[in-house]
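Nothing in this text is a laboratory measurement; each read-out follows from the coordinates by a stated rule. Everything numeric here is computed off the predicted structure, so don't read it as measured data. Note: ideal-geometry Cβ built from the backbone for every residue, glycine included; neighbour counts use all protein chains shown.
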Amino acid sequence: DAKTTQPTSMDCAEGRAANLPCNHSTISGNEYVYWYRQIHSQGPQYIIHGLKNNETNEMASLIITEDRKSSTLILPHATLRDTAVYYCIVRVVDSWGKFQFGAGTQVVVTP
Amino acid sequence: DTEVTQTPKHLVMGMTNKKSLKCEQHMGHRAMYWYKQKAKKPPELMFVYSYEKLSINESVPSRFSPECPNSSLLNLHLHALQPEDSALYLCASSRGLAGGLNTGELFFGEGSRLTVL
């Protein structure tokens, strides 16, 4: 599975959009991009995933570049409860395992 | 039911003890996972079971022994652990292969926090 690179930390003002980048320059054509977050001492929570197209759900939007070498998770209106570590993960389609976490981005939402 | 339930939430054990962590899901998922997470670090994959068979062992020491007695249950048996094994142990499940209608995301439990004295 491809490796991912994310900034170590980001601050975001409450009510503003948070844009979290992820680099996955070695991604192959059969790998999905997944985003998870982990609030302190809780289990990781699924946010969104995509293969080629941009995706949106009730939690966030995922923008994947045309060459698929990077993506951005957008939290449209950050709240204090969005403070968490955000992980970008790539995983091979039709694969059972190797769902590997990188170091992630610590996002702190401030009032 | 979209939950993965882990018990116990907290466990303290001595280095000579034998204990087990349990994980249960009733979503009909056929893949189940154990992860270990040390403080301020990302979760590290330990084991993957697919259709109740061990498919991935990430070179985990034999003092950790996984077991998948049926499609809903996953155990992690612990014996002769070391203090450095103290960590949050996370269980996860997924529907199966990612592709087609299967989106492949993992559902995680809240974890079992283990302290080895």
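Among the lysines of the protein assembly as shown, pairs at least eight places apart or on separate chains and with Cα atoms under 20 Å apart come to 26.
On the basis of the beta-carbon distance and an R0 of 25 Å, A:Lys98 and B:Thr5 show a calculated FRET efficiency of 0.55. Ranking B:Leu106, B:Met27, B:Val116 by Cα position along the charge dipole of chain B, where only Lys, Arg, Asp and Glu carry charges on their C-beta atoms, puts B:Val116 farthest toward the positive end. Here the 3J(HN,Hα) profile of the range A:100-111, calculated from phi with Karplus coefficients 6.51, -1.76 and 1.60 at θ = phi - 60°, is 9, 8, x, 6, x, 10, 7, 9, 10, 9, 10, x Hz, Gly and Pro shown as x. Shown here for the range B:5-90: trypsin sites (Lys or Arg not before Pro) in loop regions (DSSP other than H, G, I, E, B) with at most 12 other Cβ atoms within 10 Å, namely B:Lys9, B:Lys40.
Can you give the % of DSSP beta bridges in the protein assembly as shown that are antiparallel, to the nearest 5?
Values: 69 of 78 bridges.
Of the beta bridges lying entirely in the protein assembly as shown, close to 90 percent run antiparallel.
Annotation: the residues B:Thr5, A:Thr72, sorted from fewest to most other C-beta atoms within 10 Å of their own C-beta, follow the order B:Thr5, A:Thr72. Put in line by how crowded their Cβ is, counting other Cβ atoms within 10 Å and starting with the fewest, A:Thr4, A:Thr110 read A:Thr110, A:Thr4. Annotation: amide H-H contacts under 5 Å for B:Gly104 (H modelled 1.01 Å from N, sequence separation of 5 or more, or interchain): B:Arg95, B:Gly96, B:Gly99. Centroid-to-centroid, using Cα positions, the range A:59-111 and the range B:22-40 are 20 Å apart.
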